[in-house]
Amino acid sequence: MGSWDYSIFWKEALNQFKSELTEQEFSMWFNIEYETSGESSLLVSVPSAFYRDQVKQRYQNRIEAKLFELSGQHIDVEFEVKPRKREESPAANKPVQRNESTFEVQRSTYSQPYRAAPVQEAPRETHPQLRKDYTFDSFVIGENNSFAANAAIAIAKNPGTLYNPCLIYGGVGLGKTHLMQAIGNMAWKERDCKTIYITAENFTNEFVESIKNNKTQDFKNKYHKTDMLLIDDIHFLQKKNETQEELFHTFNALYDASKQIIFTCDRPVSELKNLSERLRSRFERGLNVDLLPPNYETRCAILAKKIEARGTLIPSEVINLVAKNISSNVRDLEASLTKLIAYAELTKKPVTLESAQQQLRDSFGAPKQNNVTIDTIQKVVAEYFSLSSTDIKGKKRTKAVSFPRQLAMYIAREITEYSTTELGMEFGGRDHTTVMHGCQKIEERLKAEPSLETTINKLNKMIKDYNS
Ligand code: ADP
Ligand code: MG
């Protein structure tokens, strides 16, 4: 061990980042502790492997550039994982100092618990509000949800310390409730974390009921004294002003005591209406992660997992058939499976490709209007502007490409039944908000330039004629 010590540069770098970044960003991603220095390197520690990967990707270059700027020499930053120790039992009225946490002596990795699970005489029973099959084991990770799933695992292993609060958002049936409850199940079972799961609707009902019965203090006691609060489907709170107010206080009490709070929502918080500004800013604090519809491979894997869980056998060609035809969400995927299995049990006949095709004709849905596919729309619009479909779906953002792309999105939105989420996927895996934004741009332009309508009509006709 030499006598290098770059800690002073590290400290100064942190100081500068603190003023350069927003408070939120800094407190979220600079939970980094200086460890030691080498000849031309500096070792720091972070609380989890997931955190390390995120920090490296987001900030490593920037940190190294800053250290160069400060010290005049190249200092490589190396990361190690040292899970932070959770306070044993923080006094309820004393906020936990986030950055003062100590480290475990042993060097543990991300998948090992940072605190030994409490010794239990008997296995824990099932949590009264959590479904026991909603676990990480039964959750299939694909590219559509890997960021959210990894963040969820990190939270379950470090409740209250890493990403607090966390908001999981995405369309119906994409696994928000499953993922949220998987966090609850793991933290409750392995960390003895006092956990409450409730839908925003029931939270509202319970609150209203407590007012009626003069029991608001009991209500507060219950929600302010938990270690982890999971509130599902917060879009329900729109217009519920008094409940919003109460949740705001609940949020502050838990947040100040470093208790984990997780929400789910069917859309990004920015799209919620009738929500108080201060509650909105609380929801947006911390980590916001989205769930997208799974791709074909992930759909097959999910089906296989569900089949395994039910202990039945379904031929793989049937799995492929279902996965190919049902792309909207996981709930529909599962419903088709249930239908096939129920039918097989009733008739005591095995599921075959033919029987499945017949059974699922309805679920596969009527073809979209006029059989127009997004592919056709993209081809026609691209051709019209002397581009290729790849340009339309690609990443380029020059005007020459982005206007035709927005136009194609707009037309697709007008003449097909696809949701903005599905359209986003078809347009190069973009977010649904990008599609909405694109459509909005065209609408604005239509107001200013009526001639655009002629172009759109022309394109519509070409799209209709394309297949005939
Ligand atoms: P949401 O709350 O987003 O509407 P849910 O969590 O209720 O969706 O999920 C709907 C169904 O799909 C549940 O049965 C859930 O187990 C299943 N599901 C969703 N995503 C996955 C996944 N990645 N792996 C396994 N099952 C999933
Ligand atoms: Mg749900």
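The values are calculated or read from the model by the stated rules, or taken from the named source; none is laboratory data. Being a predicted model, the structure only gives us computed values, none of them experimental. With ideal geometry, Cβ positions are generated from the backbone for all residues, glycine too; neighbour counts draw on all protein chains shown. Please note that ligands, DNA and RNA were not included when accessible areas were found on the heavy atoms of the full protein model with its side chains. Shrake-Rupley method; radii C 1.70, N 1.55, O 1.52, S 1.80 Å.
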Q. In nm, to one decimal, how far is the modelled label at Ala342 from the one at Arg62, with both set 7 Å along Cα→Cβ?
A. 5.1
(Q) If you average the C-alpha positions of segment 211-242 and of segment 412-468 separately, how far apart do those two centres end up, in angstrom? (A) 42
Q) If the cut-off is 18 Å between C-alpha atoms, which aspartates and glutamates fall inside it for Lys396, apart from same-chain ones fewer than 8 positions away? A) Glu383, Glu426, Asp431
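Mind putting a number on the dipole of segment 145-293 about its Cα centre? Charges go on the C-beta only, +1 for Lys and Arg and -1 for Asp and Glu, and I need it in Debye to the nearest 20. Mind dumping the intermediate values first?
Working: 19 positive and 18 negative charges, 42 e Å.
Once rounded to the nearest 20, the dipole reads 200 debye.
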Q: Sequence neighbours fewer than 8 away in the same chain don't count; with that in mind, list the aspartates and glutamates whose C-alpha is under 13 Å from Lys399.
A: Asp391
Q | Nitroxide proxy distance, nm - points 7 Å out along Cα→Cβ at Asp5 and Phe136 | A | 3.9
Q.
If you count only protein heavy atoms with a 1.4 Å probe, what accessible area per residue comes out for the chain, rounded to a whole Å²?
A. 52
Q) Using a 1.4 angstrom probe and counting only protein chains, how large is the accessible area of Met425 in Å², to 10? A) 70
Q. What figure in square angstrom, to the nearest 10, would you give for the accessible area of Glu271 with a 1.4 Å probe?
A. 50
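Restricting attention to segment 371-468, which GluC sites (Glu not before Pro) occupy a DSSP loop and are surrounded by at most 16 other Cβ atoms within 10 Å?
Working: sites: Glu383, Glu414, Glu417, Glu422, Glu426, Glu443, Glu444, Glu453; in loops: Glu417.
Passing sites in segment 371-468 are Glu417.
Add -39500 (n - 2.57) for each DSSP H run of 4 or more in the chain, then divide by its residues: what number comes out at 222 nm, to the nearest 500 deg cm²/dmol? Mind dumping the intermediate values first?
Numbers: 19 runs with 241 residues, N = 468.
After summing the helix terms and dividing by residue count, I get -16000 deg cm²/dmol.
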Q) If the chain between Lys239 and Thr398 were fully stretched, how many nm would it gain, using 0.36 nm times the residue separation less the Cα-Cα distance? A) 53.2 nm
Q: Sticking with the crude label model, points 7 Å out along Cα→Cβ, report the distance from Glu297 to Met462 in nm, one decimal please.
A: 3.5
Q. With +1 on each Lys and Arg Cβ and -1 on each Asp and Glu Cβ, how big is the dipole of the chain about its Cα centre, in debye rounded to the nearest 20?
A. 680
Q | the chain: relative contact order as a whole-number percent, Cα under 8 Å and 6+ apart | A | 11
Q. Which lysines, on any chain, are close to Lys349 with Cα under 29 Å apart, when same-chain ones fewer than 8 places away are left out?
A. Lys305, Lys306, Lys324, Lys339
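With +1 assigned to the C-beta of every Lys and Arg and -1 to the C-beta of every Asp and Glu, and no other charges, what is the dipole magnitude of segment 311-363 about the Cα centre in debye, to the nearest 20? Display every interim value, and only then the final one.
Numbers: 6 positive and 6 negative charges, 13 e Å.
For this selection, approximately 60 debye.
Remind me, relative contact order of segment 285-413 in percent, using alpha carbon pairs under 8 angstrom and six or more residues apart? Write out the running numbers ahead of the final one.
Working: 85 pairs, mean separation 23.1, N = 129.
Dividing the mean separation by the residue count of segment 285-413 yields 18 percent.
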Q. Extension gain Asp266-Lys441, at 0.36 nm per residue separation less the Cα-Cα distance, in nm?
A. 60.6 nm
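Loop-only check: which trypsin sites (Lys or Arg not before Pro) in segment 165-212 are DSSP coil with at most 16 other Cβ within 10 angstrom? Could the numbers behind the result be given before it?
On the way: sites: Lys176, Lys189, Arg191, Lys194, Lys212; in loops: Lys194.
Here the trypsin sites (Lys or Arg not before Pro) that fit, given the DSSP loop and packing criteria, are Lys194.
What share of Cα pairs, in percent, lie more than 16 angstrom apart in segment 204-247? Before the final figure, lay out each step's value.
Values: 364 of 946 pairs.
In whole percent, the long-distance tail amounts to 38.
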**Q.** Filter on Lys194/Lys220; Lys393/Lys461; Lys18/Lys157; Lys395/Lys458; Lys189/Lys259 - keep pairs with C-alpha separation over 20 Å
**A.** Lys393/Lys461; Lys18/Lys157; Lys395/Lys458
Q | Contour minus Cα-Cα distance for Glu190 and Arg331 (0.36 nm per residue) | A | 47.9 nm
Q.
Over the Cα atoms of the chain, each weighted equally, I'd like the Debye log10 I(q)/I(0) at q = 0.07, 0.09, 0.10, 0.14 Å⁻¹, rounded to two decimals.
A. -0.48, -0.79, -0.94, -1.35
(Q) Taking all protein chains in place and a 1.4 Å probe, what share, in percent, of the accessible surface of the chain do carbon and sulfur account for? (A) 49
(Q) Tell me which trypsin sites (Lys or Arg not before Pro) from segment 214-254 have a DSSP coil assignment and no more than 16 other beta carbons within 10 Å of their own. (A) Lys215, Lys225, Lys239
